[in-house]
Amino acid sequence: MSEMDLTGYPSIDKPWLRYYTKEAIETPLSACTLYDNLWQHNKDYLSNVALNYFNRKITFQALFEGIEAAAKAFTAIGVGTGDIVVMATVTTPETVYAFYALNRLGAVANMVDLRTAEEGIREYILEVNAKYLLTIDVACAKMAKAVVDTQVQHVIILSPGDGLPQPKKFLYFLKNKPVDCLPSYTGRCYNWAHFIAQGSSATPLYPVYQPDTCCVIVHTGGTTGSPKGVMLSNDNVNALVEQSIRTGIDMQRKHTWLDIMPPFIAYGIGMGLHLPLTIGMETILIPSFDAKKFDRLLLKHKANHMVGVPSYWGTVIQSNRMKRKNLSWLIAPTVGGDTMNIELEQQANAFLAAHHCPYKIVKGYGMTEVCAGVTGTVDDNNEPGSVGIPFVKSVVSVFHPETGAELKYGEIGEVCISGPNVMLGYYGKETATAEIVKIHSDGTKWVHSGDMGYMNEQGSLFILDRIKRMIVRFDGFKVFPSMLEKVIMEHPGVEACCVVGISDSSHSQGKLPVVYLVPKKKETKRDENLIAELQILCRKEIPEYAQPIAYYFRDELPLTPIGKIDYRKLEENIPCKGE
């Protein structure tokens, strides 16, 4: 880029820095392990509550003791620096102890979705040649099949009941008989108490921090849909946390945090767990989250902070339980993982204001490959429809998806990310890594997100759609499903919708948009009047080439495990209730 071209480009101008203090910009990020960061921030507050598990309050003193005991137990069964332990579990105190213990030992936690089919779990185990598996009792039948013909030598079985307060613990195990062993693992399979006892006389070796060393693997479909293990370092996760703190959101040690995100995603490990614990907040652990009960959790715990996905707030807004409730205790109702529909954003902000919450919805953007988050909002830069400004040490810009040229403000292209959050790579997949992490002509390493969007002159980022969601017609015209969804959601009779592309039977290539929608009136099976009104609305707001060719009614739309609309299932035309 020549000198005369150096204006109007986000990566050069970095207009978002105007929102940050000089201290936030100039203070370097920490260079340490996750455990060391946790310890340094909380060593002088050991009597404060760290974890709240079904009203059992666990202090930071007890947390660090639990981590030490787990580290000794892992040492006793042979886990050391560089070893990979597969963790297929839910968020319990023991999961937290184990995660930080592995980090302190220099080992790697390979986080696996418990709901994965047994064959999928076996593939995750085989991929890393894991010798150690930590799981939960309710999944033992599946795990017994998953470990067949693998190198797994030791299995640790947690239970949601292990960390419960009495008498809840007694009642839990009265109803649920403890599982102590998988078949064929006698002597090498432990429940949590037995596991901890194994390490009573062990002496762990704690390695010195090394930069750019993998500490956790989380899994994603990436841009191609095939499973990949994203290797994140201590530096990645700590950078996520410390940049989040510097956004200006009011986050204090005295606050409470509702952890509803599962531990097997970067969003859950980084934002749901490590962020509040590093700050020193009381972190309320929810091992099994039901989005339909989000309103109950809010009212029960009155937590100041939480992270979730946009759809959760649609549930809250419609809840009869929330009527006339005072939400003045809520500071940062944060959403990420999916772009928030602007109508839902407006409704949520109006709802919060009407319920005496002084703050707006906090939005963010990221992907697993950049440790879940690289942008965020506070009220000063919370533009409607945007996903916020880049974190203080991160750079986000937009590039032409074909030529690779950086685009100016307002120009639509592929969103790319550079900075301390960028992953080490996909485990064992150098080619796939090179397809998403690219070195540009100026020598900068950028993650190519696969998302289409633009940035305005204030530094606010707007996401339009996934490149792979983009519907390309036979004539080359491009249709963005999100633009259609935005218009359709303006109709008061529509509760939810998703636009996907189907093959154009009239031409040899190309696709056309169809709409799946959930009507407000659940008894509606196919309302021709509603369809006619939507057609009029779309003709008014949408170009002719982008008009939907069909509307399909459903009782509900399929969701991913964290609550996003699963458009891939709709593209596959998997039968769904109400079709």
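The length gained on full extension between A434 and E68, counted as 0.36 nm times the residue separation minus their Cα-Cα distance, comes to 127.9 nm. Here the translational diffusion coefficient of region 324-378 follows from Stokes-Einstein with Rh set to the Kirkwood radius across Cα pairs; for 20 °C and 1.002 mPa s it amounts to 178 µm²/s. If each of D379 and A141 carries a label point 7 Å out from its Cα toward its Cβ, how far apart are those two points in nm? Roughly 5.2 nm, to one decimal. Between S328 and S506, the simple label model (points 7 Å from Cα in the Cβ direction) yields a spacing of 6.0 nm.
Excluding same-chain neighbours fewer than eight residues apart, the aspartates and glutamates reachable from K43 by a Cα-Cα span under 19 Å are E65, E68, E242, E282.
For the chain, what is the mean residue ellipticity at 222 nm derived from helices alone (per DSSP H run of n ≥ 4: -39500 (n - 2.57); sum divided by total residues; nearest 500 deg cm²/dmol)?
-8000 deg cm²/dmol, from helical runs alone.
Beta bridges per DSSP, both residues in the chain: antiparallel share near 55 percent.
Considering only DSSP beta bridges with both partners in region 271-384, what is the antiparallel share in %, to the nearest 5? Bridges in region 271-384 are about 25 percent antiparallel. I want to verify the translational diffusion coefficient of region 187-260 in µm²/s; compute it with Stokes-Einstein, Rh as the Kirkwood radius over Cα pairs, at 37 °C and 0.692 mPa s. Rounded to a whole number, D works out at 194 µm²/s.
Do the alpha carbons of any pairs in K325/K486; K468/K521; K145/K169; K292/K520; K57/K302 sit beyond 20 Å of each other, and which pairs?
K325/K486; K468/K521; K145/K169
Each part reduced to its alpha carbon centroid, region 432-461 and region 53-72 end up 40 Å apart. Couplings for region 204-219, taken from phi via the Karplus curve 6.51 cos²θ - 1.76 cosθ + 1.60 with θ = phi - 60°, read x, 10, 9, x, 6, 3, 10, x, 6, 10, 5, 10, 8, 10, 10, 10 Hz in order; Gly and Pro are left as x.
Here region 469-571 is treated as an ellipsoid with the same Cα gyration tensor; its semi-axes, largest first and in whole Å, are 22, 17, 12. Globularity index of the chain is 0.98 (Cα radius of gyration / 2.2 N^0.38 Å, N = number of residues). Distance distribution note for region 257-406: the fraction of Cα pairs above 20 angstrom is 49%. Sorted on the mean count of surrounding Cβ atoms within 10 Å across their residues, most packed first, peptides 257-266, 322-331, 345-354 read 257-266, 345-354, 322-331.
For the pair K292 and R526 in one chain, pulling the backbone fully straight at 0.36 nm per residue adds 81.7 nm over the alpha carbon distance. Stretching E571 away from T21 to a fully extended chain increases their span by 193.5 nm, per 0.36 nm per residue minus the current alpha-carbon distance.
Bridgeable lysines around K445 (alpha carbons under 16 Å apart, same-chain partners fewer than 8 residues away excluded): K393. From the largest down, region 61-210 spans 44, 38, 26 angstrom on the principal axes of its Cα atoms.
Cβ neighbours within 10 Å, averaged per peptide: list 28-37, 529-538 in order, most packed at the top. Provide the component values of the computation, followed by the final result.
Details: 28-37: 18.5, 529-538: 15.0.
Highest to lowest by the protection proxy: 28-37, 529-538.
Expressed as a fraction of 2.2 N^0.38 Å, the C-alpha radius of gyration for region 243-344 is 1.03.
For region 369-501, the convex hull drawn through the C-alpha positions has a volume of 155 cubic angstrom per residue. Between K445 and D555, what is the label-to-label distance in nm when each label sits 7 Å out along the Cα-to-Cβ direction? Label-label distance for K445 and D555, simple model: 4.9 nm. First check a/c for region 2-150, with a ≥ b ≥ c the square roots of the eigenvalues of its C-alpha gyration tensor; if it is under 1.5, answer rounded, and if not, answer prolate when a/b is larger than b/c or oblate otherwise. Here region 2-150 falls in the oblate category. For G366, the residues whose amide H sits under 5 Å from its own are G337, V374, ignoring neighbours fewer than 5 places away on the same chain, with H placed 1.01 Å from N.
Here, each number is a calculation from the coordinates, and none is a lab measurement. Predicted, not measured: the structure shown is a model, and the values here were computed from it. Methodologically, a virtual Cβ is constructed for each residue, glycine included, from the backbone with ideal geometry; neighbour enumeration extends over all protein chains shown.
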